[in-house]
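**Student:** Let me give you the structure first, and then I'll get to my questions.
The values are calculated or read from the model by the stated rules, or taken from the named source; none is laboratory data. Remember, predicted model here, so these are calculated numbers, not experimental data. Ideal geometry is used to build each Cβ from the backbone, glycine not excepted, and the neighbour counts take in all protein chains shown.
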Amino acid sequence: MNGEEKVYFKPRARLMKILGNQLISSEVIALVELVKNSYDADATEVRIVLNNITSTDGEIIIEDNGIGIPYDKIKNVWFEPATSEKSIPEEKRYSKCFKRKLLGEKGIGRFAVHRLGNKILLISRATKDCFKTLEELESIFEINWKEFIDNKYLEEIIIPVKKRKPIHFMENHGVYIKICDICPWKKNTIKHVVRKIRSLETPKIIKKQTNTTKINDKFKIIIEANDPEIQNIINEVKNIDEILQTAFYVLHGSVDRKGILHYEYYFNRPDYPELRRIKKGKVDLKEFNNDFFEDLMKTYNSSLLRYVENDFYNIFPGEFYVDFYVWDLDSSALKISGLKKDYQDIIRPNSGVRIYRDGFRVWPYGEEDDDWLGLDLRRLNAPKERLISRNQIIGFISISSEKNPGLIDQSNREGLQKNQQYEIFYELVRAALKHMANLRKEDKIKMDRVRVKKSLDDDVTQKINKLKRKMEKNNHLNIYEKEIGDLETTYRKRVEDILERYMQAAALGIAYSLPVHEMNIRFRNLRSFLKEIEKNPDMLNRYLRELEKQLGEAQNIVKIVGNLMKRQKSKEISLIKVVKNVIKLKERELRKYNIDFKILYDEDIKIKAVGNLISTALLNLIDNSIYWIRVKAMKMRERGQKYRGEIKIIIGIDENNNPFVSVVDNGTGVSDPLDILVEPYYSRKSDGFGLGLYIVDNIMKRHEGKLEAYNNKYGGATFRMVFLRKEGVVK
C-alpha cells in the first residue's frame, strides 16, 4: 500500500563526543576556549588550578568572577547545542556589561569541557543588572561524558540540574568548573597551554595609555598547581609584559592631532652593552609621505570643509599612542639574550601590530593572517633595506572613542571603516614605523662597525701580502718582486673596473627613473593634444606650436638619458655644462612646485671625472632638495605663512683650492648625521629606496673627492661635492 510516514532524526549520545573532537582539537584549545568564555562573561579575574595534572587522578579547576550563568540559561541554552542565542549577528557580539568584543567561539564551551576530561562539575551563581544584585540561589550539575559513548540516544541521557542555597558562591558570583578523569598531560603541553593563555592578557602599556582604572579594563589570569615542579614550569613561562621588556629596540610615543610623533626610543642588545642609548625627540610624520598629505591639503583647500571647519587638522584622526617592540632574529642575538625558545613560543605567536580602543582589542588587526600595514610585503620587496617585518615586532596602537571619534567600527565590527580619517591614520602609523626602522638602522650601522674591526683588505690582497712576507723570510722576494708587483697591479685594475661597472649600473638605475617620469608626462601631453585635434580639426594650427615644444623637450630628455646610459671613461668635463644638462631634466618639476632656481659661478671649472656619474650625483641632490622644499611648503601653508622654495647651484673653488659644486636649498634642513644619511637603504621617505645619497657618496669616493652636508643660513640644507685637487683638475 502507498502511504506516508513522518521520520525524525534521532541522534545517538556519542554524537556529542564526535562533535567535541571535531570542534576542539587539543587540550590547549579547550582551556583557552574556557578562559575566553570567562572574558566574555565580563570576569575581571579567572583562576586555573592544575592538580596532579600529569596523572589520571588529576583535576582541572576553572573559576571566574563574571556574571555567571542563570538557571534558565543553563536549561535552555547550555543544554541546547546550536541554540538561537549563539547565532547572534557579528555586529551584536559584545558582552552584556562591559561591552567587550566576544572572543569565544559560538557555543562550543561545553565541548571544550568534554575535551579536558570525562567528568565535570559546574556551579554558577548569576548576577542581575550587571553585578548590582545576586540571584538568591546557585545552580549545580554534573556530567559524566562516558555515558555518551554507550549505544543510547541523546534524549535518554538525563542530567539533573539543581538549584540550591549558595554553598560555593556565598557572597560573590561567577562560574566554577571542576574537571576530573582526565587524560594525563605532558610537561610540554603545560608550557604550551600557559603561553597561549597568557597571550590573552592585555599588556600593561595599553592599560597605562587608556589612563583609566575602570573595572572593565581588568582581566587577570591566575594559573596555579599543587605540584611544586609543575608550578615552577608555570612560573618559568613569561607573560607578555615580561617578554616586552626583552625587546632590543623600543619606541613609546604619542601622535598629536597635527601628525607630530613625540617619542622615546630605547636600544638595548645584551651583546652590545657599549651601544645602549635612549633618545627623545619629535618628528613630523607627514614628511614621510609628502605626496599623500600634499594632495590631501589641496583637496581640503578646494572643498567646502575649508570654510566650515577652517582647520585642516580637523580631518585628522586625533591624538593616539604607538608602542613598538622589536627584536633581531639572527640566532646569535636570540641565543645570547636567552630568547631562542621564548621567540618561538611567545614573541612570534604575538607578533604583529594590534589596535586597541579604550583598552580593548580591535579585531582583526595584528592577527596571524592580518598584515594590515603590509610589513611582510615591504620586507619581501626590499630584503636588503633592513625594514621591520611582522614576525619581529609586537606593536600596539591605542585609540579612544573620545579622542578618535572618526575612527569608526565597521558594521560587522571586524576592523575600522575605510574613511578619510582611517586613511590618514594608516599613513601616520606607517610613517611612525618607518621612523622606528630608521632609528633601528642607526644602531644596526653602529653594530656593524663594531663587528667589522678587521682589515679592509679583501681575501686576495691578504693572501698576496702573506705570500710576500713568506718570500721575504726565505730571501726570495727580490727574485719575484716584479712578478708579484705586476700581479697586484693587474688585480687592482680588475677590481677598479668591476667597481666602476657596478657604480655606473647602480647610478644608471637611479638616474634613469627620474627622466622616465618626465618622459611619461610629455607623452601624456602629446596624447591629450592629439585627441583634442581629432575632436576639433580647426584647432590644429593652435596646437602645432605646443606639439613642437613637447616633442623638442622629449627629444632633449632622450638625448640626456642616452648620455647617462653610456659607459664613459674619466675625462676632462665642464662642471657648468653638467649642471645645465641636469637642470633640463628638472625644469618642469621646478616650475610645477614654484621653486626658484639659480646657477652661480665666477668662471667655468673643468675637472677630470666620469661625466655621467657626476650628472647622476647632481641629479639626485637636486631631486632631494625639491622633495624637502615641498615638505617645507606644506608646513608653511599649514601655518598660513608665505613661502617660496629656492635652490642655488654654486660652482667654485674652496679655501683649499679644491673645485666644488654645492646644492643649496631653503627646505627643511639636514636632520641626520651624514654618516647615517649615506648608508644604503636609509631614507626618511616612506617610499624611498635609501640608495640616492649612498650612490652620491660612493661616486665622490671613486673620484677621490668627498660629500659634505650641513644646515645653512636659509634654514635649509647644503650638500657639497668637493673634488680634491690633483694633477687632473683644470681651471
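**Student:** Sort out which residues of segment 217-249 are among the aliphatic types (A, V, I, L, M), within 28 Å of the chain's Cα centre (by Cα) and closer than 23 Å to Phe360 by Cβ, and write them in order of number. Talk me through it step by step, then tell me what you get.
**Tutor:** Quick first cut of segment 217-249, residues among the aliphatic types (A, V, I, L, M) only: 221-223, 225, 230, 233-234, 237, 240, 243-244, 247.
The next check asks that each one be within 28 Å of the chain's Cα centre (by Cα); those that pass are 237, 240, 243-244, 247.
Answer for segment 217-249, where residues must be among the aliphatic types (A, V, I, L, M), within 28 Å of the chain's Cα centre (by Cα) and closer than 23 Å to Phe360 by Cβ: Ile240, Ile243, Leu244.
**Student:** Something else about it: Output the qualifying pairs, or none if there are none: Cβ atoms under 6 angstrom, residues six or more apart or on different chains, first residue in segment 30-46 and under 16 Å from Val193 (Cβ atoms), second residue assigned to a strand (DSSP E or B).
**Tutor:** Taking only residues 6 or more apart or on different chains, the pairs are Leu34/Ile62; Val35/Val46; Ser38/Val46; Ser38/Asp64; Val46/Asp64; Val46/Ile221.
**Student:** Let me ask something else about it. From the list Ile626, Ile651, Ile573, Ile614, pick out the single residue that is within 29 Å of Leu296 (Cα to Cα) and either assigned to a loop (DSSP other than H, G, I, E, B) or at pLDDT 80 or above (or both).
**Tutor:** The unique qualifying residue is Ile626.
**Student:** Do we have Asn151 as polar (S, T, N, Q) and over 22 Å from Glu59 (Cβ atoms) here?
**Tutor:** Yes.
**Student:** Give the residue, chosen from Asp295, Asp330, that is within 21 Å of Tyr422 (Cβ to Cβ), assigned by TED's automatic domain parsing to the domain that holds Gln420 and surrounded by fewer than 18 Cβ atoms within 10 Å (Cβ to Cβ).
**Tutor:** Testing whether each residue is within 21 Å of Tyr422 (Cβ to Cβ), assigned by TED's automatic domain parsing to the domain that holds Gln420 and surrounded by fewer than 18 Cβ atoms within 10 Å (Cβ to Cβ) leaves just Asp295.
**Student:** Considering (1) part of a loop (DSSP other than H, G, I, E, B); (2) at pLDDT below 90, say which one Lys635 fails and leave the rest.
**Tutor:** Answer for Lys635: the failing condition is (1).
**Student:** Still on this structure: Quick test for you: out of Ile159, Ile167, Ile177, pick the one residue that is modelled with pLDDT of 85 or more, not in a loop (DSSP other than H, G, I, E, B) and not aromatic (Phe, Trp, Tyr).
**Tutor:** Just a single option satisfies the conditions, and that option is Ile177.
**Student:** With respect to Asp376, is the statement that it is assigned to a loop (DSSP other than H, G, I, E, B) and modelled with pLDDT under 90 true? Talk me through it step by step, then tell me what you get.
**Tutor:** Numbers: assigned to a loop (DSSP other than H, G, I, E, B): no; modelled with pLDDT under 90: yes.
No; evaluated as a whole, the condition is false for this residue.
**Student:** Do we find that Tyr265 is more than 18 Å from Arg684 (Cα to Cα) and out of contact with any His (no Cβ under 7 Å at 6 or more places or on another chain) in this structure?
**Tutor:** So Tyr265 fails the test.
**Student:** Something else: Every residue in segment 154-172 that is touching a residue at least 24 places away in the same chain (Cβ under 8 Å) and under 15 Å from Glu80 (Cα atoms), please.
**Tutor:** Across segment 154-172, the qualifying residues are Leu154, Glu155, Glu156, Ile157, Ile159, Val161.
**Student:** Please go through (1) at positive phi; (2) surrounded by fewer than 20 Cβ atoms within 10 Å (Cβ to Cβ) for Arg357 and return the number of the only condition it doesn't satisfy.
**Tutor:** Of everything listed in (1) at positive phi; (2) surrounded by fewer than 20 Cβ atoms within 10 Å (Cβ to Cβ), Arg357 misses just condition (1).
**Student:** Residues of segment 336-354 being among the basic types (Lys, Arg) and buried (at least 21 other Cβ atoms within 10 Å of the Cβ), which ones?
**Tutor:** Answer for segment 336-354, where residues must be among the basic types (Lys, Arg) and buried (at least 21 other Cβ atoms within 10 Å of the Cβ): just Arg354.
**Student:** Right, something else. Within segment 301-317, identify whether any single residue is crowded, with 21+ Cβ neighbours inside 10 Å and assigned by TED's automatic domain parsing to the domain that holds Leu377, and answer yes or no. Before you say what the answer is, go through the steps one by one.
**Tutor:** Of segment 301-317, the ones crowded, with 21+ Cβ neighbours inside 10 Å are 316-317.
Still in the list and also assigned by TED's automatic domain parsing to the domain that holds Leu377: 316-317.
Within segment 301-317, one or more residues are crowded, with 21+ Cβ neighbours inside 10 Å and assigned by TED's automatic domain parsing to the domain that holds Leu377.
**Student:** Any residue at all in segment 675-692 that is assigned to a helix (DSSP H, G or I), under 32 Å from the mean Cα position of the chain (by Cα) and at pLDDT 80 or above?
**Tutor:** yes
**Student:** State all residues of segment 591-611 that are farther than 24 Å from Gly705 by Cα, of a type outside the set (A, V, I, L, M) and not in a strand (DSSP E or B); if no residue qualifies, say none.
**Tutor:** Answer for segment 591-611, where residues must be farther than 24 Å from Gly705 by Cα, of a type outside the set (A, V, I, L, M) and not in a strand (DSSP E or B): Arg591, Lys592, Tyr593, Asn594.
**Student:** For segment 334-355, give me each residue that is free of Cβ contacts under 8 Å to residues at least 60 places away in the same chain and within 21 Å of Leu375 (Cα to Cα).
**Tutor:** Residues satisfying the conditions are Tyr343, Gln344, Arg348, Ser351, Gly352, Arg354.
**Student:** Right, Ile205: in a helix (DSSP H, G or I), among the aliphatic types (A, V, I, L, M) and surrounded by fewer than 20 Cβ atoms within 10 Å (Cβ to Cβ) or not?
**Tutor:** yes
**Student:** I've got another one for you. Sort through Glu142, Glu85, Glu105 and tell me the only one that's in a loop (DSSP other than H, G, I, E, B) and either surrounded by fewer than 20 Cβ atoms within 10 Å (Cβ to Cβ) or at pLDDT 85 or above (or both).
**Tutor:** One residue alone meets the criteria, Glu105.
**Student:** So for segment 49-58 (the condition being modelled with pLDDT of 90 or more, under 25 Å from Lys196 (Cβ atoms), crowded, with 16+ Cβ neighbours inside 10 Å and within 40 Å of the chain's Cα centre (by Cα)), does at least one residue qualify?
**Tutor:** yes
**Student:** I'm trying to understand the selection: among the residues of segment 118-139, which are surrounded by fewer than 20 Cβ atoms within 10 Å (Cβ to Cβ) and closer than 17 Å to Ile60 by Cα?
**Tutor:** The answer is Asn118, Lys119, Leu121.
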